[in-house]
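Structure, as structure tokens:
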Amino acid sequence: MTTLPIRVFGDPVLSTPTRPVDDIDGRVANLVERMFETMRAAPGVGLAANQVGISRRLFVYDPGDRPTVVINPTIVATDGMWEYEEGCLSVPGYSWSILRPNEVHLRGYDLEGNEIEIEVDEFEGRILQHEMDHLDGILLVERLDDRQRREAKRMLRQGAVQLDRDPDGLGQLLDG
């Protein structure tokens with residue numbers, strides 16, 4: 001199996017909210033397997049489907065001991081606040097201190113279509129929120145204050161690769 005190309009800042013798929021996964025089938029399972037491979041090779045701890053050009057509401061993550069896929073996730077509750085240095089595979093080479101809720105309660109589905117609930121905090125909670133942002137079309141730089149965001153976008157635009165909407169056709173994998 002081969003890795004998928006990770007979309008980077010400037011690609012419109014990253015700023016567009018994703019659509020729900022309607023059927024959890026073999027195509028979704030294949031995509032999830034390739035996303036895990038891509039995430040590990042990057043290397044990273046989380047990867048949303050739109051980061052590989054698939055505008056569907058699912059992500060994979062592995063905090064180090066438990067690879068997990070979440071399909072059609074929603075955050076049902078958060079609590080507390082925690083600031084932490086955060087990077088992103090779609091914004092390679094950069095990281096910023098981001099303030100996010102510390103505790104997260106998320107609900108979604110696994111690959112068998114079973115409803116799952118995840119309640120985590122700190123690093124794992126941050127991963128979930130970061131991937132949820134991707135699914136909602138929000139990049140890490142949108143979480144910065146106004147001054148930082150302007151500076152970050154200026155730096156990123158200088159080196160950004162501008163891509164067509166779906167140049168490699170990967171978005172068709174789930175549009176069957």
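The table below gives the values:
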{"item": "Pairs with Cβ under 9 Å, 6+ apart, first in the range 10-38 and touching a residue at least 24 places away in the same chain (Cβ under 8 Å), second surrounded by 14 or more Cβ atoms within 10 Å (Cβ to Cβ) and among the aromatic types (Phe, Trp, Tyr)", "result": "21/109; 24/109; 35/59"}
{"item": "Residue pairs meeting the criteria (Cβ under 8 Å; at least 6 apart or on separate chains; first among the charged types (D, E, K, R), in the range 81-98; second surrounded by fewer than 14 Cβ atoms within 10 Å (Cβ to Cβ))", "result": "83/97; 83/99; 85/95; 85/97; 86/95; 86/97"}
{"item": "Residue, nearest to residue 123 (Cα to Cα), within the range 39-49, restricted to residues that are part of a loop (DSSP other than H, G, I, E, B) and in contact (Cβ under 8 Å) with a residue 40 or more places away in the chain", "result": "45"}
{"item": "Filtered residues of the range 9-19 (kept if under 12 Å from the mean Cα position of the chain (by Cα) and buried (at least 20 other Cβ atoms within 10 Å of the Cβ))", "result": "13, 14, 18"}
{"item": "Considering residues of the range 126-151 that are without any contact (Cβ under 8 Å) to a residue 40 or more places away in the chain and in a helix (DSSP H, G or I) only, the residue farthest from residue 75 (Cα to Cα)", "result": "151"}
{"item": "Check on residue 106, touching a helix residue (DSSP H, G or I) at 6+ places or on another chain (Cβ under 8 Å), modelled with pLDDT of 95 or more and not in a strand (DSSP E or B)", "result": "no"}
{"item": "Of the criteria (1) touching a strand residue (DSSP E or B) at 6+ places or on another chain (Cβ under 7 Å); (2) modelled with pLDDT of 95 or more, which one residue 143 fails", "result": "(2)"}
{"item": "Residue check, residue 138 surrounded by fewer than 17 Cβ atoms within 10 Å (Cβ to Cβ), out of contact with any strand residue (DSSP E or B) (no Cβ under 8 Å at 6 or more places or on another chain) and at pLDDT 95 or above", "result": "yes"}
{"item": "Some residue of the range 70-78 being out of contact with any strand residue (DSSP E or B) (no Cβ under 9 Å at 6 or more places or on another chain) and among the hydroxyl-bearing types (Ser, Thr, Tyr)", "result": "no"}
{"item": "Scope the range 57-80; condition free of Cβ contacts under 8 Å to residues at least 12 places away in the same chain and not acidic (Asp, Glu); matching residues", "result": "66"}
{"item": "Residues (surrounded by fewer than 20 Cβ atoms within 10 Å (Cβ to Cβ) and outside any loop (DSSP other than H, G, I, E, B)) located in the range 20-29", "result": "26, 27, 29"}
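For every residue, the table says whether it meets (1) out of contact with any helix residue (DSSP H, G or I) (no Cβ under 8 Å at 6 or more places or on another chain); (2) in a loop (DSSP other than H, G, I, E, B).
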| residue | (1), (2) |
| --- | --- |
| 2 | no, yes |
| 7 | no, yes |
| 31 | no, no |
| 51 | no, no |
| 54 | no, yes |
| 66 | yes, yes |
| 72 | yes, no |
| 90 | no, yes |
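The values are calculated or read from the model by the stated rules, or taken from the named source; none is laboratory data. If you're wondering where the values come from, they're calculated on a predicted model, not measured in any experiment. Methodologically, a virtual Cβ is constructed for each residue, glycine included, from the backbone with ideal geometry; neighbour enumeration extends over all protein chains shown.
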